[in-house]
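What follows is a single structure, written as structure tokens, with notes after it.
The values are calculated or read from the model by the stated rules, or taken from the named source; none is laboratory data. Note that the structure is predicted; figures quoted are calculated from it, not measured. Methodologically, a virtual Cβ is constructed for each residue, glycine included, from the backbone with ideal geometry; neighbour enumeration extends over all protein chains shown.
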Amino acid sequence: MIQPQVVTQNDFGQSLPYTLQDGSQNPVDLTGATVQIKVQNSQDPTDTLKFTGTLTIDSAAQGTCHYVVASGNFDTPGVFLATITATWGAPATKVQTWPTFQIIVQPSLPNAAN
């Protein structure tokens, strides 16, 4: 299970780290995989993705990777839903998706009190 992450509205350039594990908490070997993150605003009723990004694999054997936040990824405060999917082979011979987790985007300051 991937824990919720907190980022600040309009921040970019920082890394969001992940350790991808199987159901027994063992690292998933990412050798030869392409890993992507998909993010959607949890309040968006249209099922439109906010963005899709490719993660950098840090240690394939240990299942560690990270996503570098791009400008515009989190320009709106709120709760976002995310999934990470690893795909091995072209054409795909194996696909694994981890359960949905939250990314919480805190408003940047100054922030008008409502």
What pairs come up if the first residue lies in the range 88-107 and is free of Cβ contacts under 8 Å to residues at least 12 places away in the same chain and at positive phi, the second is surrounded by fewer than 15 Cβ atoms within 10 Å (Cβ to Cβ) and assigned to a loop (DSSP other than H, G, I, E, B), and their beta carbons are under 9 Å apart, counting only those six or more places apart or on different chains? none
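Looking at the structure I just gave you, is residue 95 under 14 Å from the mean Cα position of the chain (by Cα) and within 19 Å of residue 2 (Cα to Cα)?
Numbers: under 14 Å from the mean Cα position of the chain (by Cα): no; within 19 Å of residue 2 (Cα to Cα): yes.
Considered against the rule, which asks whether it is under 14 Å from the mean Cα position of the chain (by Cα) and within 19 Å of residue 2 (Cα to Cα), residue 95 comes out as no.
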Please go through the range 76-90 and give me each residue that is farther than 30 Å from residue 31 by Cα and surrounded by fewer than 13 Cβ atoms within 10 Å (Cβ to Cβ), ordered by number. 79
Here the residues within the range 31-88 that are under 16 Å from residue 8 (Cα atoms) and either out of contact with any strand residue (DSSP E or B) (no Cβ under 9 Å at 6 or more places or on another chain) or of a type in the set (Phe, Trp, Tyr) (or both) are 67, 71, 74, 80
Residue check for residue 93: of a type in the set (Val, Ile, Thr) and surrounded by 15 or more Cβ atoms within 10 Å (Cβ to Cβ): no
Contact list, first residue from the range 2-23 and outside any loop (DSSP other than H, G, I, E, B), second anywhere and of a type in the set (Gly, Ala, Ser) and surrounded by 15 or more Cβ atoms within 10 Å (Cβ to Cβ), beta-carbon distance below 8 Å, six or more apart or interchain, is 19/63; 21/63
Can residue 98 be described as at pLDDT 95 or above and surrounded by 17 or more Cβ atoms within 10 Å (Cβ to Cβ)? yes
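Residues that are of a type outside the set (Ser, Thr, Tyr), at pLDDT below 95 and surrounded by fewer than 16 Cβ atoms within 10 Å (Cβ to Cβ): does the range 53-64 have at least one?
The answer is no, given that none of the residues of the range 53-64 is of a type outside the set (Ser, Thr, Tyr), at pLDDT below 95 and surrounded by fewer than 16 Cβ atoms within 10 Å (Cβ to Cβ).
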Here the residues within the range 1-46 that are of a type in the set (Asp, Glu) and either modelled with pLDDT of 95 or more or surrounded by 15 or more Cβ atoms within 10 Å (Cβ to Cβ) (or both) are 11, 29
